[in-house]
């Protein structure tokens with residue numbers, strides 16, 4: 001483990017691990033996916049598979065390329081003698097809440113092992129029990145013959161510190177000595193205050209059964225939203241996600257949004273904010289529900305009522 005201050009910093013550590021791992025053989029490229037998001041440092045922007053994030057920051061840091069998500073053949077075709085690693089999210093968050101398919105994860109693991117390249121995962125948003133397990137791939141592969149699936153390295157942050165700034169990298173034993181004094185460092189990573197706070201959060205998650213709570217309450221939210229979709233198909237198209245990581249996709253050409261050229265996702269988020277519910281957009285037509293793991297049933301239903309009221313207005 002290496003502790004830092006944020007997800008962007010944790011991902012920077014992953015890029016360094018990839019380059020150090022491949023340095024002797026002249027390998028430095030990291031393949032990521034379209035619609036991915038990996039942070040707002042210059043390397044994070046280059047790793048991110050979204051044009052809007054890159055605008056104004058050209059020229060991009062070299063060594064990154066992007067392929068479609070959940071497309072194993074595209075990933076395989078993109079690998080060259082320069083490829084050091086691949087990096088994916090278990091669930092694309094900023095990209096619109098798209099989970100990786102079980103066969104995709106297992107296929108990537110085999111591909112990376114066969115090609116001697118690193119399989120790295122960005123778990124900043126989708127990790128830390130948000131999907132009902134410690135990491136999203138455990139949820140995705142829970143019904144599969146995963147055969148002890150494990151990436152070579154992954155990043156964590158966001159809820160890891162329960163509101164205080166904490167990021168982290170985990171790397172397997174074969175990689176654990178790549179980063180050291182002179183190659184990487186941190187000023188405030190893993191401080192006693194933040195570490196104590198994170199340990200208390202883990203204690204509460206276990207004590208209160210919040211991992212299972214994320215699954216139960218997430219299922220409740222998803223079912224209620226599906227009912228809304230059936231009642232208002234001209235406004236809502238689809239709901240997807242795992243646990244308490246939920247994306248709600250809007251229908252196309254909603255008349256109430258026609259007068260503005262801003263994305264529909266931004267417009268509905270503003271309406272929800274005005275009504276008293278904090279949500280965030282993902283892409284052009286998706287808004288996200290990422291509530292705290294200890295969200296109560298009553299508060300969830302209050303939030304659902306706000307969403308229903310706004311949807312009825314748009315309908």
Query raised in the report: Hey, any hits in segment 16-28 for a residue that's more than 22 Å from residue 167 (Cα to Cα), assigned to a loop (DSSP other than H, G, I, E, B) and touching a helix residue (DSSP H, G or I) at 6+ places or on another chain (Cβ under 6 Å)?
Result: yes
Report task. Answer yes or no: is there a residue in segment 140-157 that is within 22 Å of the chain's Cα centre (by Cα), modelled with pLDDT under 95 and under 19 Å from residue 12 (Cα atoms). Result -> no
Report task. Could you please give the count of residues in segment 134-171 that are surrounded by fewer than 22 Cβ atoms within 10 Å (Cβ to Cβ) and in contact with a strand residue (DSSP E or B) (Cβ under 6 Å, 6 or more places away or on another chain)? Result -> 1
Report task. Filter segment 84-105 for residues that are in contact (Cβ under 8 Å) with a residue 60 or more places away in the chain and at negative phi and give the result. Result -> 84, 85, 87, 91, 93, 94, 95, 98, 99
Query - Where residue 230 falls short, out of the listed (1) part of a loop (DSSP other than H, G, I, E, B); (2) free of Cβ contacts under 8 Å to residues at least 40 places away in the same chain - result: (1)
**Report entry** All positions within segment 265-307 that are farther than 25 Å from residue 255 by Cβ and in a loop (DSSP other than H, G, I, E, B)
**Finding:** 278, 290, 291, 292, 293, 294, 295, 296
Requested in this report: Scan segment 50-63 and give yes if some residue there is touching a residue at least 12 places away in the same chain (Cβ under 8 Å), within 21 Å of the chain's Cα centre (by Cα) and crowded, with 21+ Cβ neighbours inside 10 Å, otherwise no.
Outcome: no
Query raised in the report: Inside segment 39-53, can you point out the residues that are under 13 Å from residue 65 (Cα atoms) and touching a helix residue (DSSP H, G or I) at 6+ places or on another chain (Cβ under 8 Å)?
Result: 43, 44, 45, 46, 47, 48
Query raised in the report: Would you say residue 11 is part of a loop (DSSP other than H, G, I, E, B), in contact with a strand residue (DSSP E or B) (Cβ under 7 Å, 6 or more places away or on another chain), closer than 24 Å to residue 70 by Cβ and modelled with pLDDT of 95 or more?
Result: no
Requested in this report: Determine whether residue 21 is in contact (Cβ under 8 Å) with a residue 24 or more places away in the chain and within 18 Å of the chain's Cα centre (by Cα).
Outcome: no
Report summary line: Checking 293, 210, 217, 244 in turn, the sole residue that is in contact with a strand residue (DSSP E or B) (Cβ under 9 Å, 6 or more places away or on another chain) and either surrounded by 17 or more Cβ atoms within 10 Å (Cβ to Cβ) or in contact (Cβ under 8 Å) with a residue 40 or more places away in the chain (or both) turns out to be 244
Query - Residue list for segment 88-110, filter: out of contact with any strand residue (DSSP E or B) (no Cβ under 8 Å at 6 or more places or on another chain) and part of a helix (DSSP H, G or I) - result: 102, 103, 104, 105, 106, 107, 110
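The values are calculated or read from the model by the stated rules, or taken from the named source; none is laboratory data. If you're wondering where the values come from, they're calculated on a predicted model, not measured in any experiment. We place every Cβ from the backbone using ideal geometry, glycine too, and count neighbours over all the protein chains shown.
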